[in-house]
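J.: Mind having a look at this structure? Questions to follow.
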Amino acid sequence: MASLTRTFATLALFCLLLGSTNGQLSTDYYSYSCPNLFTTVKDVVASAIAKEARMGASLLRLFFHDCFVNGCDGSILLDDTPTFTGEKTAKPNNNSVRGFEVVDQIKSAVEKACPGVVSCADILAIAARDSVVILKGPTWDVKLGRRDSKTASLQNANNDIPPPTSSLSNLTSKYATKGLSAKDMVALSGAHTIGQARCTNFRDHLYNDTNIEASFARLSLQPICPKLTGSGDNILAPLDTHTPTTFDNYYFKNLVSKRGLLHSDQELFNGGSTDSQVKSYSSSSTAFFADFVSAMIKMGDISPLTGSNGEIRKNCRKIN
């Protein structure tokens, strides 16, 4: 009986290794090599969010900005060096993406549990899921097995990540190039139910657009975001003014009321092809959660490095 058990264990491990060499992501990728991975990551994420609720949105955004540039490969985490320019100073990221220190803490904890096994790219995927769950959103089984890139692209970060000034057609096009549908795009945009944005990113919408509720603009936003460029650029406002630290469907309720903070937010409900989907989500968090989970899993499949490609970084900020 013991011999038979060992045989099955050996076969299971062989199948797991075969899956990794075939370049397939799986939800049980680290079951043998790092069995305590999920609790290790979640403990650090939960502690970080307890200290600052906004950190959940920041970790989720890191995963998005990573996947949209050359796939989900941990490239956004690489620091610049005298001979290498990464993605952190790209326009969508500079003075904007954050949470790198928390990723460092997660990596340190994971390395203590299982040295040299778990990629930084996979850590981002798990931390994004945990952030959503901790802030009362849906859960899902994260597919794993990504490896870390040895390079990054400032140019692609500038070109591929949709800016807050995007039109609906531009948003749809940007997502389509990543294999994501318009439906995926609207669902993923619902991540803006948590987090904050800087004045410099919503000023134009606030003062130049007409599809924003007048009293919301005048009373809530104009006092904290002056019209003059360069004045108060880094002042923050919540993307969802109703429940800014709870993952729910109020983002879509806000859009229906013309209370989207960013131009690109309100484009989703502005007399266009996505209006009906926004309305559906505004009345059903169940529908939103289901589609968000599906889209997150799909986004996590964008061009992962697997098998012998890339590496498992010891330090998420630099290649080995």
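Per-residue answers, yes or no, for (1) within 20 Å of ARG198 (Cα to Cα); (2) in contact with a Cys (Cβ under 9 Å, 6 or more places away or on another chain); (3) not in a helix (DSSP H, G or I):
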| site | (1), (2), (3) |
| --- | --- |
| THR40 | no, yes, no |
| SER47 | no, no, no |
| ALA50 | no, no, no |
| LEU59 | yes, no, no |
| PHE63 | yes, yes, no |
| ASN70 | no, no, yes |
| ASP73 | no, yes, yes |
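J.: OK, next. Please go through (1) of a type in the set (D, E, K, R); (2) closer than 30 Å to GLN105 by Cα; (3) part of a helix (DSSP H, G or I) for ARG313 and return the number of the only condition it doesn't satisfy.
T.: Condition (3) is where ARG313 drops out.
J.: Pairs, please: C-beta under 9 Å, at least 6 apart or cross-chain, first residue at positive phi and in the stretch 264-288, second outside any helix (DSSP H, G or I)?
T.: As it stands, the answer is GLY271/ASN211, since those pairs meet every condition given.
J.: Moving on. Tell me, yes or no, whether the stretch 216-238 has at least one residue that is of a type in the set (A, V, I, L, M), touching a Pro at 6+ places or on another chain (Cβ under 8 Å) and within 19 Å of PRO92 (Cα to Cα).
T.: Just the residues of the stretch 216-238 that are of a type in the set (A, V, I, L, M), to begin with: 217, 219, 221, 224, 228, 235-237.
Narrowing the set further to residues that are touching a Pro at 6+ places or on another chain (Cβ under 8 Å) leaves none.
No, the stretch 216-238 has no match at all.
J.: Which one of these is of a type outside the set (D, E, K, R), in contact (Cβ under 8 Å) with a residue 40 or more places away in the chain and in contact with a helix residue (DSSP H, G or I) (Cβ under 6 Å, 6 or more places away or on another chain): PHE216, PHE252?
T.: On the way: PHE216 fails: in contact with a helix residue (DSSP H, G or I) (Cβ under 6 Å, 6 or more places away or on another chain).
Unique residue meeting the criteria: PHE252.
J.: Hey, among the residues in the stretch 96-151 that are under 18 Å from ARG61 (Cβ atoms), assigned to a helix (DSSP H, G or I) and of a type in the set (S, T, N, Q), which one's most open to solvent (accessible area, probe 1.4 Å)?
T.: Ranking the candidates gives GLN105 first.
J.: Of the residues in the stretch 211-269, how many are over 12 Å from THR193 (Cα atoms) and open to solvent by less than 10 Å² (accessible area, probe 1.4 Å)?
T.: Going through the stretch 211-269 one residue at a time, the tally reaches 7.
J.: Right, another one. Could you pull out the residue among ASP80, ASP66 that is at negative phi and surrounded by fewer than 24 Cβ atoms within 10 Å (Cβ to Cβ)?
T.: Being at negative phi and surrounded by fewer than 24 Cβ atoms within 10 Å (Cβ to Cβ) holds for just one of ASP80, ASP66, which is ASP80.
J.: Step by step: first the residues of the stretch 19-54, then only those that are open to solvent by 80 Å² or more (accessible area, probe 1.4 Å) and at pLDDT below 95, then the one that is farthest from ASP301 (Cα to Cα). Which residue is that?
T.: Across the stretch 19-54, the extreme among qualifying residues is THR21.
J.: Considering the stretch 159-180 alone, what residues qualify as being buried (at least 17 other Cβ atoms within 10 Å of the Cβ) and part of a helix (DSSP H, G or I)?
T.: Hits for the stretch 159-180 are ASP160, LEU168, LEU171, THR172, LYS174, TYR175.
J.: Given the conditions (1) more than 20 Å from the chain's Cα centre (by Cα); (2) within 17 Å of THR139 (Cα to Cα); (3) in contact (Cβ under 8 Å) with a residue 24 or more places away in the chain, report the number of the one that LYS258 does not fulfil.
T.: (2)
Yes/no per residue for (1) farther than 27 Å from ALA50 by Cα; (2) assigned to a strand (DSSP E or B); (3) touching a strand residue (DSSP E or B) at 6+ places or on another chain (Cβ under 6 Å):
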| site | (1), (2), (3) |
| --- | --- |
| MET185 | yes, no, no |
| ILE224 | no, no, no |
| ASN234 | no, no, yes |
| THR243 | no, no, no |
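The values are calculated or read from the model by the stated rules, or taken from the named source; none is laboratory data. Because the structure is a prediction, the values reported are computed rather than measured. Using ideal geometry, Cβ is built from the backbone for each residue, glycine included, and neighbour counts are taken over all protein chains shown. Accessible surface areas use protein heavy atoms only, side chains included; no ligands, DNA or RNA. Shrake-Rupley method; radii C 1.70, N 1.55, O 1.52, S 1.80 Å.
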